[in-house]
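Heads up, the thing below is written out as structure tokens.
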Amino acid sequence: MNSKKTAIIAIAVLAIVISSLGAVSAFELFGMDLFGGPTTDFDNKFMSGTFTGDVTQNNVSEDNLTKGWTDSYEDKEHNITYNMSCVKDGDFITDVYQLQGLGAPEIRNYNGQPWKIFYSQAVPNSNVTDNKTSGNDTNNTINVYICEADINGTAYTINIMAYENKTECDGTLFCPLYKDYIGPLVESIQFKDAKKAPKMADLMGMSDEEFKFNREYLDGIFNGTIDPTQG
């Protein structure tokens, strides 16, 4: 058999293999992206999707309110932690973070769903919303991205924490950490029904009336009708 016939047969076989994969990407097989390394699927109570890399699930301490509505995963090779939650009125927390100095989010649409993407930095044992780090050891810097999708008043949130010395990051949506890991994850997300998700008021120990007052006060600060410096 000459080389030309061999090449034709090889192409035909490849076409059959690709067509047999159906909905599976032609470039993914047995959890391996042929051009980018392994991927890991996940499926929890409120969302499902796919991580880039070999990612394992962490144990999460939960109470009766949060049980099933928080989740955590870790990529040990790249030192990336993914913490997930689903809470009604959960955007209240990111709004508070913004008042404390967290920068305004960038908005990205994935599969028709707007996501708010926040970025900050932290050092071990510090507040993750600090935008500046102390000390000179940049290897201890933790890059933090908060990805939040608000659907019918419920916040589906993914907090990503990665040490700077493991995965390159400059705080943009174009650096390797976001482009190679976070972006593909968010784009893969499929949302699940969250009618039974916990309410932020309950998690904060507030009555519905107390939470409504604080929510309206926060909204007033953002829209300029309330000056928080005035007693």
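Charges were assigned to the Cβ only: +1 to each Lys and Arg, -1 to each Asp and Glu. The resulting dipole of the range 69-126 about its Cα centre is roughly 120 debye. Basic side chains Lys and Arg get +1 at the Cβ, acidic Asp and Glu get -1 at the Cβ, and with that the dipole of the range 61-215 about its Cα centre reaches some 280 debye. Coupling constants for the range 104-115 follow from the phi torsions by the Karplus curve (6.51 cos²θ - 1.76 cosθ + 1.60, θ = phi - 60°), and in residue order they are 5, x, 8, 9, 10, 9, 10, 6, x, 10, x, 10 Hz; glycine and proline get x.
Among the listed pairs Lys76/Lys179; Lys76/Lys116; Lys67/Lys166; Lys76/Lys195; Lys166/Lys199; Lys116/Lys166, those whose Cα-Cα separation exceeds 28 Å are Lys67/Lys166; Lys76/Lys195; Lys166/Lys199.
In nm, what is the difference between 0.36 nm times the number of residues separating Asp219 and Asn140 and their Cα-Cα distance?
Computed gain between Asp219 and Asn140 is 24.9 nm.
Once the C-beta distance of Phe191 and Lys212 is scaled by a Förster radius of 30 Å, the resulting FRET efficiency is 0.70 to the nearest 0.05.
The distance between label points at Asp95 and Ser48 comes to 3.3 nm (points 7 Å beyond Cα on the Cα→Cβ vector).
Distant-in-sequence amide contacts of Gly53, defined by a placed amide H-H separation under 5 Å and a gap of 5 or more residues or a different chain, comprise Thr39, Thr40. Summarising the amide proton neighbourhood of Tyr110: residues at separation of 5 or more, or on other chains, whose placed amide H is nearer than 5 Å comprise Trp115.
Here the Karplus curve 6.51 cos²θ - 1.76 cosθ + 1.60, taken at θ = phi - 60°, turns the phi angles of the range 45-60 into couplings of 5, 10, 7, 9, x, 9, 8, 7, x, 8, 10, 10, 7, 8, 6, 10 Hz, with x standing for Gly and Pro.
Computed from the coordinates by the stated procedures, all read-outs in this text should not be read as laboratory data. Source: prediction; values computed, not measured. As a convention, Cβ positions derive from the backbone with ideal geometry for all residues, glycine included, and neighbour counts pool all protein chains shown.
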